Amino acid sequence: MQIDKKRENDKQNIESTRGYIYENPDSDIYETNNEYKIYFDIPGVEKDDINLKVEKNILTLTAECTKKPGEKYECLRHEMNYAGYKRSYELGNTIDAEKIKADFNNGTLVLTLQKREEQKTKEIKIKVN
């Protein structure tokens, strides 16, 4: 998996072709011998408003915030962003895109990305005489 170190903590807004403003969600990436886990912080999003796709070896998360709290009230102060989130990662040759799993709970999306069999770390036992 390719991680662009220059953009790792880059908090920028991305304007879509429809005029929406998307924010790069915060994410943490962990690795084991067999898989990667990516945790995305996407508060204010419902499960049905999350879209994940892999196209040309690029994994893209898009999540829309479709409801605003206090719709029956007059807004006196507006600080919360309800536009949405968008983030992409290049998968490289290490990830099996057919085996990506997603779990969503309390505003946190967790992706489990299985490594291809040939990319997994193998341990070789050496017998010493």
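Annotation note: Cβ proximity below 6 Å between a residue of region 112-129 that is under 21 Å from Ala102 (Cβ atoms) and of a type in the set (Ser, Thr, Tyr) and a residue that is at pLDDT 75 or above and loosely packed, with under 13 Cβ neighbours inside 10 Å (sequence gap 6+ or interchain) occurs for Thr112/Lys101.
Scanning region 93-115 for residues that are farther than 15 Å from Glu31 by Cα and either of a type in the set (Phe, Trp, Tyr) or assigned to a loop (DSSP other than H, G, I, E, B) (or both) gives Asn93, Phe104, Asn106, Gly107.
The values are calculated or read from the model by the stated rules, or taken from the named source; none is laboratory data. The structure displayed is predicted, hence computed values, not measured ones. No Cβ is skipped: glycine too gets one built from the backbone with ideal geometry, and neighbour counts run over all protein chains shown.
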